[in-house]
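Participant: I am attaching a structure below and will ask some questions about it afterwards.
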Amino acid sequence: MNTKRVDENSLILENKQGIPVRIFANKQLDIEKGAVAELEAMLELQETVDAVRETDPEFFDTNDPRIVEVAVTPDFHKGAGIPIGTVMRTRGFVCPQAPGKDVNCGMRLYTTDLDVDEVRRNLDALERRLRHLFFEGGRQIPMHRAQREALLRDGLVGVLATHRQTENAGLWRYYDARQQEQDLNRVNGQGRFQTDRVFGLEDFLGTEEVTRDSQIGSIGGGNHFVEVQMVERVEEGTTAYAWGLKRGAVVVMIHTGSVSIGHLTGTHFTDIVRKIHPATLRRPSNGLFPLPSGPRHRKSWDAFWASFSNAANFAYGNRLFLGLMVRQAFEEAMGEHEFRLLYDTGHNVIWQDPGEETFLHRKGACPARSVEEMAGTPFASFGEPVLIPGSMGASSYVLVGCGNPDSLASASHGAGRQLSRGEALGGSDKALEEFLRRFRIITPIDPRRHDIRSRPDILRKYHDELKKEAPWAYKDIGAVIQTHVGAGTARVVAELRPIFTVKG
């Protein structure tokens, strides 16, 4: 591999395009050859940009369109065209495929005043309520067409502006408008990618009548989850206290994105860039196309950002309503308790750098900005909360960002896979059974039901899906966290231990 270690926590990738590329990984983390090969292929996007500019000098609105720099987080692993854990800054164009189709997949974390013993005493009741709400038709989120449109155009700000249309109906009775208005400051960008239109989502908008929403409030598949955790250890006491992270307290972590809405819009992105690619040029072998920011392709540019914003806004709303569903289950099983948002941010997003003509693409990487960059938010005295989950059953971590320019002020979004889902299926059935005896996972299938126990086909599918996300499929979260600390990208605030997980 064309990598060269420069210090204990990072390497550089030498490449023929001359792009500065830094990979963050300490010596305990294996660098996946397939992921490096994919990263090298991704850098060929610069060759595509150069070829397009040579063929059509007016295609871009700048004399020097380029990939400015790339940083790779410690959970780096092979993706689908762009490795997971890639952060890329470009000038004069964006690469719409870079964030993937699960636009604004991200993390949301709540703190509570519950203690772990109270949750464990009520675990069976919680499981029944959560399975009903998530998987057995208990989800009640009525919405007007105008509310759906407001969500897609204005994200959480739009939800707040229209909440009275279904006030106190179904899940809306857990929506406290005053608290939600305050919580906007605890969501990256106030939970809004503002756009003036909804693009290609007419079926989702539906009719003017109030109907139950069939999309929002979905966990999704793969590595998405809702997990109830406890604060196992506090590392940075002052920050932990300010953020409501008390040892032994229960927190709720949510990891999901734009699910089917993102898939639809992601397909649309690819169509946009393919249509404007010069017909005289062969399509790039890596499948990645630039979308220029200049006036010549303004129609395509506007269509992309509208569609991207719709999906990103939906993801913010999706995590919000999943949180309200967990709150409902908690209250029904254990009575009313404090349930406060710590932070919500995405890790599959494109941001325009403030005041610049450059764009920051994050694929499976969360922002980790400094005190200065968080001015005007509740985190101005600390830095940005960084939420890094471990593999299923392992510790997760809350860190605080340091704004490291070498990492493009970014950090991991998880432990990172070390086995593909297909490879993970080859894991031991006995090891999975032992894991399931120790750790509770709530899924649409309840393997303890009498009718399910007599269906080996259903049980095999159930076990196979869990194998794909089993602990052995992921890297050691400890080495990932140590790399962040050692490289000065983030500091540990608290370690969280899982109590149970809900998987879609």
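Condition check ((1) touching an Asp or Glu at 6+ places or on another chain (Cβ under 7 Å); (2) surrounded by fewer than 18 Cβ atoms within 10 Å (Cβ to Cβ); (3) of a type in the set (Lys, Arg); (4) on the phi > 0 side of the Ramachandran plot) across all residues:
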residue	(1), (2), (3), (4)
GLY427	no, no, no, no
ILE441	no, no, no, no
PRO444	no, yes, no, no
ASP451	no, yes, no, no
GLU469	no, no, no, no
TYR474	no, no, no, no
ARG497	yes, yes, yes, no
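Participant: When you look at GLY85, is it within 16 Å of the chain's Cα centre (by Cα), touching a residue at least 60 places away in the same chain (Cβ under 8 Å) and surrounded by fewer than 24 Cβ atoms within 10 Å (Cβ to Cβ), yes or no?
Facilitator: no
Participant: Name the residue that is farthest from GLN147 (Cα to Cα), counting only residues in segment 160-170 that are without any contact (Cβ under 8 Å) to a residue 24 or more places away in the chain and outside any helix (DSSP H, G or I).
Facilitator: In this case the residue turns out to be ASN168.
Participant: Looking only at segment 373-413, which residues are acidic (Asp, Glu) and farther than 30 Å from LYS503 by Cα?
Facilitator: GLU373, ASP406
Participant: Tell me yes or no: at least one residue of segment 40-48 is modelled with pLDDT of 95 or more and either touching a Phe, Trp or Tyr at 6+ places or on another chain (Cβ under 9 Å) or β-branched (Val, Ile, Thr) (or both).
Facilitator: yes
Participant: Which condition number does GLU44 fail, the rest of (1) under 26 Å from ILE481 (Cβ atoms); (2) surrounded by fewer than 21 Cβ atoms within 10 Å (Cβ to Cβ); (3) of a type outside the set (A, V, I, L, M, F, W, C) being met?
Facilitator: Exception for GLU44: condition (1).
Participant: Of all residues in segment 237-287 being more than 20 Å from ILE82 (Cα to Cα) and among the hydroxyl-bearing types (Ser, Thr, Tyr), which is modelled with the lowest pLDDT?
Facilitator: Per the criteria, the residue is SER260.
Participant: Now for a different question. For ILE445, only one of the following conditions fails: (1) assigned to a helix (DSSP H, G or I); (2) among the aliphatic types (A, V, I, L, M); (3) within 19 Å of VAL226 (Cβ to Cβ). What is its number?
Facilitator: (1)
Participant: A further question on this structure: Checking TYR474 against (1) touching a Lys or Arg at 6+ places or on another chain (Cβ under 9 Å); (2) modelled with pLDDT of 90 or more, only one condition comes out false. Which one?
Facilitator: (2)
Participant: Would you check if GLY18 is at positive phi and either among the aromatic types (Phe, Trp, Tyr) or touching a Gly at 6+ places or on another chain (Cβ under 8 Å) (or both)?
Facilitator: no
Participant: Can you tell me which of (1) under 26 Å from MET374 (Cα atoms); (2) charged (D, E, K, R); (3) over 24 Å from the mean Cα position of the chain (by Cα) is the one ARG120 doesn't meet?
Facilitator: (1)
Participant: Moving on. Taking ALA306 as the residue in question, decide whether it is among the small types (Gly, Ala, Ser), in a helix (DSSP H, G or I) and closer than 30 Å to VAL116 by Cβ.
Facilitator: no
Participant: Restricting to segment 462-478, name every residue that is among the basic types (Lys, Arg) and touching a strand residue (DSSP E or B) at 6+ places or on another chain (Cβ under 7 Å).
Facilitator: Once the filter is applied, which keeps residues that are among the basic types (Lys, Arg) and touching a strand residue (DSSP E or B) at 6+ places or on another chain (Cβ under 7 Å), segment 462-478 yields only LYS475.
Participant: Given the residues GLY426, GLY393, which is the only one that is free of Cβ contacts under 8 Å to residues at least 12 places away in the same chain and under 24 Å from GLY222 (Cα atoms)?
Facilitator: Within the list GLY426, GLY393, the selection yields GLY426.
Participant: State which residue is surrounded by the most Cβ atoms within 10 Å (Cβ to Cβ) when the search covers only segment 232-283 and only residues that are over 21 Å from the mean Cα position of the chain (by Cα) and of a type in the set (Ser, Thr, Tyr).
Facilitator: Per the criteria, the residue is THR239.
Participant: Give segment 332-350 a look and list any residue that's in contact (Cβ under 8 Å) with a residue 24 or more places away in the chain, surrounded by fewer than 20 Cβ atoms within 10 Å (Cβ to Cβ) and over 14 Å from VAL251 (Cα atoms), or say none.
Facilitator: Across segment 332-350, the qualifying residues are GLU332, ALA333, MET334.
Participant: Which members of segment 171-218 meet the condition of being closer than 19 Å to VAL103 by Cα, outside any helix (DSSP H, G or I) and either modelled with pLDDT of 95 or more or among the small types (Gly, Ala, Ser) (or both)?
Facilitator: VAL187, ARG192, PHE193, THR195, GLY200, SER214, GLY217, SER218
Participant: For PRO378, only one of the following conditions fails: (1) at pLDDT 95 or above; (2) under 19 Å from the mean Cα position of the chain (by Cα). What is its number?
Facilitator: (2)
Participant: Report yes if some residue within segment 355-373 is in contact (Cβ under 8 Å) with a residue 24 or more places away in the chain, crowded, with 24+ Cβ neighbours inside 10 Å, over 21 Å from the mean Cα position of the chain (by Cα) and part of a helix (DSSP H, G or I); otherwise report no.
Facilitator: No, that holds for no residue.
Participant: With segment 1-110 as the region, which strands (runs of 3 or more DSSP E) entirely inside it contain at least 2 residues that are of a type in the set (A, V, I, L, M, F, W, C)?
Facilitator: Answer list for segment 1-110: 10-13, 21-24, 66-77, 84-91.
Participant: What is the number of the single condition among (1) surrounded by fewer than 16 Cβ atoms within 10 Å (Cβ to Cβ); (2) within 15 Å of ALA487 (Cα to Cα) that PHE24 does not meet?
Facilitator: The single condition PHE24 does not satisfy is (1).
Participant: Determine which single condition VAL398 fails, assuming it passes every other condition in (1) in a loop (DSSP other than H, G, I, E, B); (2) at pLDDT 90 or above; (3) under 20 Å from ARG233 (Cα atoms).
Facilitator: With respect to (1) in a loop (DSSP other than H, G, I, E, B); (2) at pLDDT 90 or above; (3) under 20 Å from ARG233 (Cα atoms), VAL398 is out only on (1).
Participant: Right, next: Scanning segment 429-455 for residues that are within 19 Å of GLY220 (Cα to Cα) and in contact (Cβ under 8 Å) with a residue 40 or more places away in the chain, which turns out farthest from the chain's Cα centre (by Cα)?
Facilitator: Out of the qualifying residues, it is ASP446.
Participant: Same structure again: Check GLY383, GLY416 and return the single one that is in contact with a Cys (Cβ under 7 Å, 6 or more places away or on another chain) and surrounded by 19 or more Cβ atoms within 10 Å (Cβ to Cβ).
Facilitator: GLY383
The values are calculated or read from the model by the stated rules, or taken from the named source; none is laboratory data. Only a predicted model underlies this, so the values are computations on that prediction, with no experimental measurement involved. Glycine gets a Cβ as well: all are built from the backbone with ideal geometry, and neighbour counts include every protein chain shown.
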